[in-house]
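Okay, structure first, notes after.
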Amino acid sequence: MKRFLARNAPGYLFLSPWLLGFFLLALGPILVSLYLSFTRYDMVSDPRWVGLGNYEYMFSRDRRFWKALEVTFSYVVLAVPARLAFALAVAMLLDKGLRTIGLYRAIFYLPSLLGASVAIAILWRELFAASGVVNEVLGFFGIAGTDWITNPKTSLYTLVALAVWQFGSPMLIFLAGLRGIPRDLYEAAEIDGTPKWRQFTRITLPLLAPVIFFNLVLQTIDAFKTFSSAFIISNGVGAPADSLLFFTVYLFNEAFKFFRMGYASALAWVLLLIIAAFTALAFFTSKYWVHYDNDRD
């Protein structure tokens, strides 16, 4: 034991700020929220134990819970692949050896820094309004526009477009992965007369699979946690017609609008389990399509 501690002491020393923060600031609220999820608590009176009552109501009688799940899953299925595909396309363009590539990387990464801000959400809402810039551009080409935000059939797509616009972070990770692929593989393929699309499917995608997997997990978790843009654009209630009722928006309203903190805690734990399930599924299926350099038959 002493030898183990002596050998790993530097590592634990560097980890100590995170460990102190976790045990002093995070672990307590986590355990309290787990307890509150089994109670009826309105932040005024004392918590009252209801056992599995919150979960029973959630899964059997709460229609808005299922609507929130539907909206959130739809967003994840649409936004994550679109963002990753666009990020990979831009990364491949930047991997061609452009001049001032550092400037391009900074410009393309900027939306990822600004995208979660309230100001960008308000700007996005105005862009897709009935009199917004998007309809002005469509009108210039003779295409009839609509109020994209207030139309339940199109409102979710505006947030998907915002997610795609925030492609900077996965793009930089893809670019780093592309730089790690040996150039001689492409040169050999070109000598053999291999078409570009086959080089992409037989060289780029297989060797980039670990990076794709990493980005997929991170972006899926991030999509499930989307809150600021959905809250601002939907006026904080999931409007119109609950088409923007993201799970996080519903959770927030239950906690801080209706003061059903016990029920909100139960919602939070369900969201945690959903994210954990998707992450576990990604890791389980990765062995069939993700291969690393140190893999051995």
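The values are calculated or read from the model by the stated rules, or taken from the named source; none is laboratory data. As the structure is a prediction and not an experimental result, all values here were calculated from the model. Here the Cβ is made from the backbone with ideal geometry for all residues, glycine too, and neighbour counts use every protein chain on show. All accessible areas refer to the heavy atoms of the entire protein, side chains included, with ligands and DNA or RNA removed. Shrake-Rupley method; radii C 1.70, N 1.55, O 1.52, S 1.80 Å.
Largest accessible area first, the residues 269, 66 order themselves as 66, 269 under a 1.4 Å probe with ligands, DNA and RNA left out.
The listed residues 260, 83, 198, 7 rank as 7, 260, 198, 83 when sorted by accessible area, largest first, using a 1.4 Å probe. Computed over protein heavy atoms with a 1.4 Å probe, the carbon and sulfur contribution to the accessible area of the chain reaches 69%. Cα centroid separation, region 204-233 to region 1-52: 27 Å.
Counting only protein chain heavy atoms and rolling a 1.4 Å probe, the accessible areas of 211, 71, 237 rank, largest first, as 237, 211, 71. The peptide list 228-236, 175-183, 55-63, put in order of mean Cβ contacts within 10 Å with the highest first, becomes 228-236, 175-183, 55-63. Measuring with a 1.4 angstrom probe and ignoring ligands and nucleic acids, residue 288 comes out at about 150 Å² accessible. Projecting the Cα atoms of 191, 175, 284 onto the charge dipole of region 169-284 (Cβ charges, centred on the Cα centre) puts 284 farthest toward the positive pole. Counting only Cβ charges, +1 for Lys and Arg and -1 for Asp and Glu, the dipole size of region 40-145 around its Cα centre is about 180 debye. Within the assembled protein chains, the solvent-accessible surface assigned to residue 271 is about 20 Å², based on a 1.4 Å probe.
The spread of Cα positions in region 72-196, taken along each principal axis and listed from longest to shortest, comes to 53, 32, 30 Å. Contact order, relative form, for the chain: 28 percent (alpha carbon pairs under 8 Å, 6 or more residues apart, mean separation divided by residue count). The residue 181 and residue 288 beta-carbon pair, evaluated with R₀ = 25 Å, returns a calculated FRET efficiency of approximately 0.75.
Mean residue ellipticity at 222 nm, helices only, the chain: -21500 deg cm²/dmol; runs of at least 4 DSSP H residues each add -39,500 (n - 2.57), and the sum is divided by the number of residues.
For the pair residue 126 and residue 8 in one chain, pulling the backbone fully straight at 0.36 nm per residue adds 37.1 nm over the alpha carbon distance. Note that the chain presents 60 Å² accessible area per residue, ligands and nucleic acids not counted, probe 1.4 Å.
Computed with every protein chain present, the accessible area of residue 207 is close to 80 Å² [probe 1.4 Å]. Of all alpha-carbon pairs in the chain, indicate the percentage at a distance above 34 angstrom. For the chain, the fraction of Cα-Cα distances above 34 Å is 39 percent. With the convex hull drawn around the C-alpha atoms of region 1-99, the volume per residue stands at 278 Å³.
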